[in-house]
Amino acid sequence: MALKHAKIVLSQVGSPGYYMDVANNPYVFGIHVNSDTYTLPALKALQFHLDEKGESTKNQPVRVVYRDRSEFFKSTCRSAIDAATLQGFDVTAIEFNPDGEEMPGVPNSQNVEFLEGLADQLCSADEGPNTNNAAVIACVQERDADVMIARMILNGCRPTLAWFTTATWGWATRNSDRIPFFLGGGQWHENFAYSDKYFENGTAVLEYGKEKFGYMGSYDHIVSYAMPMLIVELITSYFEVVDSPNITDALVNRYHEIRRSLMKIDNVDTIFGPVSFNEYQRNDGRAAAGMQWVQKGNATAFQLGCISPLDQADVPIVIPSPSSLPCPPGSHLDQKLVEGDPAILADKCTLCPAGTFALYENTNLQCQQCPEGSISLEGAKYCVTTKDNLTSVGLQVLGIIFVVISWSSTIGYMVWLYLKRKDPVVKMSQPESLFLLCVGAIISTSTIIPLTLAEAAPGESTRGASAACRSIPFLYSLGWVLMYTSLTAKSWRLFKVASNAELVRRVKISVNEIYVTVAVVVLFDLIILIAWVVVAPLQYIRTNVSTTLNEATGVMTVETAGSCQGSPNDVSMWAFLAPIIIIHVASMIVTNVILFK
């Protein structure tokens, strides 16, 4: 009709092949975006991903299946095949006649076995879950998609991407469990922000149409509005160069000039987006609307996001699909999800169960068992064994034996002293001082007992161990003071006797004086010890010594050690330990000075 009447027809329909013969139909212009470009954003993103990883496209399979009875299906997928081949992908083209009859009397489009065979060519169960990561592009109808996807799931397919013509149709909303991360293409997306002087965006056009006519239109409504606005822009720009244009003359005698002007427009802004026409009089002012089902923001439900054109995109493209990626450390590929989850592109990994681990990224169907003697929790990247550095039972027994030997010897000596208390030699040795020395030895040696008790394994209560820590300085210090001050008192007594003997004077030093000397030093020591316990008591604290990972076995060894440490406050234990040391050192100096004299 356009050719017959020599009138411009601005159309939003027509397959790419229809526009190839411009010479025979110069009046038809296609404002709709070429469907041949629908798949290009996905292929470009896949190529970019491989380039970023430093991998060659020739190792990436791209498998394309399409109906050959429809110009739309055929041209859309053929352009994908041509583009993928040019990019160097390993391309497999699968063309089929939906009206053919591989089984007599049953059209191929109704033959489940035939459609499953096509799906097997897209990805076969024989390839295995670790190698079947082809990029799948399908230009098919809804029933074709249902059968093919079900078969691909059964085959354990984990495609790198899945671009389906049905992904932007009503089929997608009816199959919400299948569509996560599916890609598709179209003419328009509700996120487009293209505007004109009357409407803010295309959605506003649709809302106005609903208010005016009582129903919500689709992108056709937006294009239908954009076309007369484009014609107005064309006519306005054509006549505005003349001060007094002769419109009738132009429309009757110079109509072909107006047509040529339409061919030369360059990126005229419309509510449908920029419009310009190529040599085939097709609109190439912008790219097609690339779309993907993704989760936007914090939403849990999947929504059809816009991925192209880039200046209109509201979500980044997700390529490769989560299902095609290796499982992260601490997880493994779940066979039940691979063969049973309807969302073929969704994540197929699950956490390692307790007692197993996965140290690296993997595509294994199960995690490794922890070596004997090590453990792990759910989702473990490695197994753990501990080296607690606890005192061995043998060493504890040896300590008790030493205590028993020391106590037995000391008590035996004390019994001997008591039995020989009237012996002149014993009397001269000052048995009172010797008894105090023995008591001090028993108390000091008792320190070995809390030393063996002052420990707790990781996870155990440290209350008992901390109590043992606090008793250690009491037993050792008081025992030492008793022993050394009794020796000091005894030496002082001998010194007094000897010095008075030189002066031929009689002197008597009572036992009580010895006791008082010892008691005074012990009291000072005891006050410091009590203040230590009250202000900054010792605590049993277990600290991490080292952590080493054996990558060959997947076992991490955590070495810890417990010790008695000062309280985690501002008071240092040296505030108490230093005075005790001073008392002890002073006792030693005084004793040695007395003995020297």
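The values are calculated or read from the model by the stated rules, or taken from the named source; none is laboratory data. Note that the structure is predicted; figures quoted are calculated from it, not measured. Backbone-built Cβ (ideal geometry, glycine too); neighbour counts: all protein chains shown. Side chains included, ligands, DNA and RNA excluded: accessible areas come from the protein's heavy atoms. Shrake-Rupley method; radii C 1.70, N 1.55, O 1.52, S 1.80 Å.
Identify, by number, the condition in (1) surrounded by 14 or more Cβ atoms within 10 Å (Cβ to Cβ); (2) closer than 19 Å to A454 by Cα that T591 doesn't meet.
Unmet condition: (2).
Would you mind stating whether F302 is surrounded by 14 or more Cβ atoms within 10 Å (Cβ to Cβ), among the aromatic types (F, W, Y) and over 30 Å from V62 (Cα atoms)?
No, not satisfied.
For the stretch 383-429: of the residues being among the basic types (K, R) and more than 60 Å from the chain's Cα centre (by Cα), which is modelled with the lowest pLDDT?
Just the residues of the stretch 383-429 that are among the basic types (K, R), to begin with: 387, 420-422, 427.
Now restrict to residues that are more than 60 Å from the chain's Cα centre (by Cα): 420-422, 427.
Working: K420: 86, R421: 81, K422: 84, K427: 77.
Going through the qualifying residues, I end up with K427.
If you take the residues of the stretch 247-273 that are open to solvent by less than 50 Å² (accessible area, probe 1.4 Å) and among the β-branched types (V, I, T), which of them is nearest to V205 (Cα to Cα)?
Filtering the stretch 247-273 for residues that are open to solvent by less than 50 Å² (accessible area, probe 1.4 Å) and among the β-branched types (V, I, T), the one nearest to V205 (Cα to Cα) comes out as I271.
Considering each residue of the stretch 2-17, count those that are outside any loop (DSSP other than H, G, I, E, B) and either in contact with a helix residue (DSSP H, G or I) (Cβ under 8 Å, 6 or more places away or on another chain) or modelled with pLDDT under 75 (or both), and give that number. Even if it seems obvious, please write down each step before you answer.
First, pick out the residues of the stretch 2-17 that are outside any loop (DSSP other than H, G, I, E, B): 2-5, 9-11, 16-17.
Remaining after also requiring either in contact with a helix residue (DSSP H, G or I) (Cβ under 8 Å, 6 or more places away or on another chain) or modelled with pLDDT under 75 (or both): 2-5, 9-10, 16-17.
Within the stretch 2-17, residues that are outside any loop (DSSP other than H, G, I, E, B) and either in contact with a helix residue (DSSP H, G or I) (Cβ under 8 Å, 6 or more places away or on another chain) or modelled with pLDDT under 75 (or both) number 8.
From the list T57, T76, pick out the single residue that is open to solvent by less than 30 Å² (accessible area, probe 1.4 Å), among the β-branched types (V, I, T), over 30 Å from Q12 (Cβ atoms) and in contact with a Gly (Cβ under 9 Å, 6 or more places away or on another chain).
T57
From S499, S567, S546, S491, grab the single residue that is assigned to a loop (DSSP other than H, G, I, E, B) and either at pLDDT below 80 or closer than 30 Å to L359 by Cα (or both).
Values: S499 fails: assigned to a loop (DSSP other than H, G, I, E, B); S546 fails: assigned to a loop (DSSP other than H, G, I, E, B); S491 fails: assigned to a loop (DSSP other than H, G, I, E, B).
Going through S499, S567, S546, S491 in turn, the sole match is S567.
Restricting to the stretch 402-442, name every residue that is open to solvent by 50 Å² or more (accessible area, probe 1.4 Å) and within 15 Å of L475 (Cβ to Cβ).
Result: F402, W407, V439.
Looking only at residues in the stretch 362-375 that are out of contact with any Leu (no Cβ under 8 Å at 6 or more places or on another chain) and outside any strand (DSSP E or B), which one is surrounded by the fewest Cβ atoms within 10 Å (Cβ to Cβ)?
E372
Take the conditions under 31 Å from the mean Cα position of the chain (by Cα) and open to solvent by less than 40 Å² (accessible area, probe 1.4 Å) and apply them to G562. Does it pass? Walk me through how you get there before you give the answer.
Details: under 31 Å from the mean Cα position of the chain (by Cα): no; open to solvent by less than 40 Å² (accessible area, probe 1.4 Å): yes.
In short, no.
Which residues, counting only those in the stretch 315-335, are under 30 Å from G273 (Cβ atoms), of a type outside the set (A, V, I, L, M, F, W, C) and open to solvent by less than 60 Å² (accessible area, probe 1.4 Å)? Break it down into steps so the answer makes sense when it comes.
The initial filter retains those residues of the stretch 315-335 that are under 30 Å from G273 (Cβ atoms), namely 315-321.
Imposing the further condition that a residue be of a type outside the set (A, V, I, L, M, F, W, C) reduces the set to 316, 320-321.
Across the stretch 315-335, the qualifying residues are P320, S321.
What pairs come out if I take residues in the stretch 172-196 that are over 25 Å from C77 (Cβ atoms) and aromatic (F, W, Y) and pair them with residues that are open to solvent by less than 10 Å² (accessible area, probe 1.4 Å) and in a loop (DSSP other than H, G, I, E, B) whose C-beta lies under 6 Å away, six or more apart or interchain?
Going by the 6 Å Cβ cut-off, the qualifying pairs are Y194/I271; Y194/G273.
Give the residue that is nearest to Y38 (Cα to Cα), with candidates limited to residues of the stretch 336-357 that are touching a residue at least 60 places away in the same chain (Cβ under 8 Å) and open to solvent by 30 Å² or more (accessible area, probe 1.4 Å).
Filtering the stretch 336-357 for residues touching a residue at least 60 places away in the same chain (Cβ under 8 Å) gives 338-346, 348, 357.
Next, only the ones that are open to solvent by 30 Å² or more (accessible area, probe 1.4 Å) stay: 339-342.
Numbers: E339: 30, G340: 30, D341: 28, P342: 25 Å.
The extreme case among them is P342.
Mind listing whichever residues of the stretch 198-230 are small (G, A, S) and either touching a strand residue (DSSP E or B) at 6+ places or on another chain (Cβ under 8 Å) or part of a helix (DSSP H, G or I) (or both)? Step through it out loud before you land on a result.
Taking the stretch 198-230 first, the residues small (G, A, S) are 202, 204, 209, 214, 217-218, 224, 226.
Correct list: G202, A204, G209, S224, A226.
For the stretch 198-219, enumerate the residues that are surrounded by 13 or more Cβ atoms within 10 Å (Cβ to Cβ), modelled with pLDDT under 90 and not aromatic (F, W, Y).
Once the filter is applied, which keeps residues that are surrounded by 13 or more Cβ atoms within 10 Å (Cβ to Cβ), modelled with pLDDT under 90 and not aromatic (F, W, Y), the stretch 198-219 yields only G217.
Return the pair list, or none, for Cβ contacts closer than 8 Å from residues in the stretch 93-118 that are over 16 Å from R151 (Cβ atoms) to residues that are small (G, A, S) and open to solvent by less than 100 Å² (accessible area, probe 1.4 Å), at least 6 apart or on different chains.
Short answer, once both residue conditions are applied: P98/S109; D99/S109; P107/G100.
Select from the stretch 220-238 the residues that are open to solvent by 60 Å² or more (accessible area, probe 1.4 Å) and within 50 Å of the chain's Cα centre (by Cα) and list them in ascending order.
Initially, the stretch 220-238 is screened for residues open to solvent by 60 Å² or more (accessible area, probe 1.4 Å), giving 220, 228-229, 232-233, 235-236.
Scanning the stretch 220-238 gives a single hit, D220.
Which residue out of F239, F272, F302, F277 is over 29 Å from T76 (Cβ atoms) and of a type in the set (F, W, Y)? Lay out the reasoning, then the answer.
Working: F272 fails: over 29 Å from T76 (Cβ atoms); F302 fails: over 29 Å from T76 (Cβ atoms); F277 fails: over 29 Å from T76 (Cβ atoms).
None of the others qualify; the one that does is F239.
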